[in-house]
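Student: Provided herewith is a single structure, encoded as C-alpha cells, for subsequent inquiry.
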Amino acid sequence: MNPVGNGRGCEGLNRRLLAKTLSEIENRQLIPKRHEGLIIAFTGSPGVGKSCLIDRLIYEWSTTKTIAVLAVDPTSPLSGGALLGDRIRMTVLDEPELGKQVYFRSVATRESSGSVPSIVGDLASHLFSEGFDMVLVETVGAGQSEMRCAALANKIIVVEGPSRGDIIQAEKAGLLELADLVVVNKSDLPGASKVAHEIQSSLNLTDTAPNIVLASAQTGEGIEELAEKILLTKSSVKTNRARIRERILMWHENKLLHRENFDYVIKQISSGELSFEEGLVILSD
Amino acid sequence: MAGRQRIVIAKPGLDGHDRGAKVVARALRDAGHEVIYTGLRRTPEQIIMTAMDEDASFLGLSSLSGAHGHLFPKICKLLTEQGMGDVIVFAGGIIPESDREALYDAGIRAIFGPGTSTEEILSFIDEAVQKPSGVSVESGWKWQGL
Ligand code: B12
Ligand SMILES: Nc1nc2c(ncn2[C@@H]2O[C@H](COP(=O)(O)OP(=O)(O)O)[C@@H](O)[C@H]2O)c(=O)[nH]1
Ligand SMILES: [Mg+2]
C-alpha cells in the first residue's frame, strides 16, 4: 500500500483494507508494530463541541496534512453495546475532495474504563504506519477518567463551553493542569469570555499556564488562530510526570483486564462464593 | 446470539423522518451491538463511505418518504462495486408490499414496517450472520418473519 502522508493525499489508500485491519487490532487479533506520530487528544464534557471543533480544524489542517480521527464513545457496561454518534458532526467528510483526505473511525470503549481505551494507541500506530500525519482523538469526556488520554496523546486540548459558568469544578482542576491548550468553545454564546477569564485566573496560580483560546465551531470565529496555536504548542515538561502515571495505570488495567480469570472472579464475588478480599488476592498473584 | 456486530443505520435521501431509525439504533445498542447512525439526508455515496470506514458488517436503511425504490438498489449496487458484497443490508420504514420484491432482488435481506418489534430485528440479525446473506451473494435467502 502506498504511504499517504506528507501532504500526498489518500489516493493510494485502500480504505476498506485499512478499516478491516483496524477492526482486527480492536478485536485483539493483531498487534501492530509501534509507529510514533502526532496524537492530539480533545477532551471535555459531553456537548461542549469537541466533534464540531475537530470538524472545523480538519478544514484548516487537511490541505497540508493527512488526518485520521478516532472518536471514542462509551460502551454500555450492561449491554456491551454502544451508540457511536460523533460522525454525524463531521461535515468535512462530505466534501468531495477534502473528505478523501480524512479517515474517520468511531471507537467504543468496550471493556476499558478510562475515557480513552488503550487500544487507541495501537490503532494510531497502525494509522501512522499507513502514512497519516496526525491522529486526532476525541475522548468520551466524563469527569476524572478523562486524564487517561494523557497516556497516549502528545498534546492535550481541553474543551470548555459557556453556560457551565461557575461550575469549573475543582474536580476539573487536574485535567486543566494537564492541558497543553484550553479552548473555550461557543464564543458566539453569552458567557464564553467570562468562562475564559475564570479559567485564566485559576490557572495563573500555576507557573506554566496553558494558552486559552476563545472559538466558535459554529461561526468559525477563532478557528484559524486555534488551528495554528495547537500546532505550535509544545507539550510541557510538567505534564510529563502525569503522563507517565497514566501510562502505568493503563498498563496495569490492561494486565488485569486480560487475565483469564478476571470475569470468573467477578462472577464468584457477585455470587458470594468469594469475598471481595479473596477475589483481590486471586487477581494479584 | 450473533455476537457484537458493527451496524450502520442510515437515512438516505431527503426523508426527514428519523424517529424510527433512532429507535432501531438504540434497540440494537441495547442488544450489545456497536451502532453508527449517519444522521439525516445522506447520499448513497456518503452511506457507502461510512459503512466502509466504520467496517460495518450490517447496513440498515430507513425510509418513510417513498424514495426507497430508487435509493435502496443504488446503495446495494454501489456496495458490490466497492468490493463490499459481504455487507448485510436490511431496511425499514414505509415500504409497500408491492415494492418489496424488487428490493429483495437487489440484495436486501429483510424489510421491517411500522410496529416491528426489537425482538424480530434481533432474530433477523442472529439468523443472517449464519446464512449466506451478503448483499452480492445470490443465495435467495431472505427473512421470513418470526
Ligand atoms: C411522525 C411523522 C412525521 C413527523 C416526523 C418526525 C420525525 N423527526 O421523525 C413530521 C411531522 C416531521 C412528519 C413530516 C412529514 N410527513 Co410524516 N409521518 C409521521 C408518522 C405519523 C409517524 C412516523 C413515526 O415516527 N413513526 C414511529 C416510528 C418509531 O416508526 P417507524 O418510523 O415506522 O419505524 C419503525 C419501523 O418502520 C421500522 N423501521 C424504520 N426504519 C427502519 C430501519 C431499519 C434498518 C429497520 C430494521 C427498521 C426500521 O422499525 C421502527 C420501529 O418499529 C407517519 C405515519 C405512520 N403511521 O407511519 C407519517 C408519514 C411517514 N409522513 C408522511 C408524509 C407525507 C410527511 C410529509 C411529506 C408531509 C406530511 N403530509 O405530513 C412531511 C415530510 C417530512 C420530511 N422532511 O420528510 C407520509 C409518507 C407517505 C408515503 N411514504 O408515501 C406518512 C406515512 C403519513 C401518511 N399516511 O401519509 N411526519
Ligand atoms: N452555539 C454553538 N453551538 C455549538 C458550537 N459548537 C458546537 N455546538 C453545538 O453543541 C452541540 C454538541 O456538539 P458536539 O460537537 O457534538 O459536542 P461533543 O459532545 O463535545 O462532541 C451540538 O448541538 C452543536 O451544534 C458553537 O461554537 N456554538
Ligand atoms: Mg462528540
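Student: Per residue, how big is the convex hull around the C-alpha atoms of chain A? Give it to me in cubic angstrom, could you?
Tutor: Looking at chain A, the number lands at 146 Å³ per residue.
Student: Explain nothing, just compute: Karplus ³J(HN,Hα) = 6.51 cos²θ - 1.76 cosθ + 1.60, θ = phi - 60°, for every residue of the range A:71-83 in order, whole Hz, x for Gly and Pro.
Tutor: Values per residue, Gly and Pro as x: 9, 9, 10, x, 8, 5, x, 7, 9, x, x, 8, 9 Hz.
Student: A further question on this structure: Under a 5 Å amide H to amide H cut-off, with H placed in plane at 1.01 Å, what residues pair with A:F104 once short-range neighbours are removed?
Tutor: Here A:V69 satisfy the definition.
Student: Using amide H atoms built in the peptide plane, which far-off residues or other-chain residues are under 5 Å from A:L181 H to H?
Tutor: Counting only residues 5 or more places away or on other chains, the set is A:I156, A:V158.
Student: Let me confirm one metric for peptide B:51-61, namely the mean number of other chain beta-carbon atoms within 10 Å of its residues' beta-carbons.
Tutor: 4
Student: By a straight-distance test (C-alpha under 30 Å), which lysines pair with A:K186 as possible cross-link partners, with residues fewer than eight away in the same chain excluded?
Tutor: Qualifying lysines at Cα under 30 Å: A:K50, A:K65, A:K100, A:K155, A:K172, A:K194, A:K229, A:K234, A:K238, B:K11, B:K22.
Student: Then there is this: Any lysines with Cα under 26 Å of the A:K267 Cα? List them, leaving off those in the same chain fewer than 8 positions away.
Tutor: A:K255
Student: Mind checking which of A:N240, A:N27, A:N254 has the largest fluctuation in a GNM of chain A, springs on alpha carbons under 10 Å?
Tutor: A:N27
Every number here is computed from the coordinates shown, using simple stated rules; none is lab data. Just so it is clear, the structure is predicted and the values come from calculations on it, not from any experiment. Every residue, glycine as well, gets a Cβ built from its backbone with ideal geometry; the counts of neighbours run over all protein chains shown.
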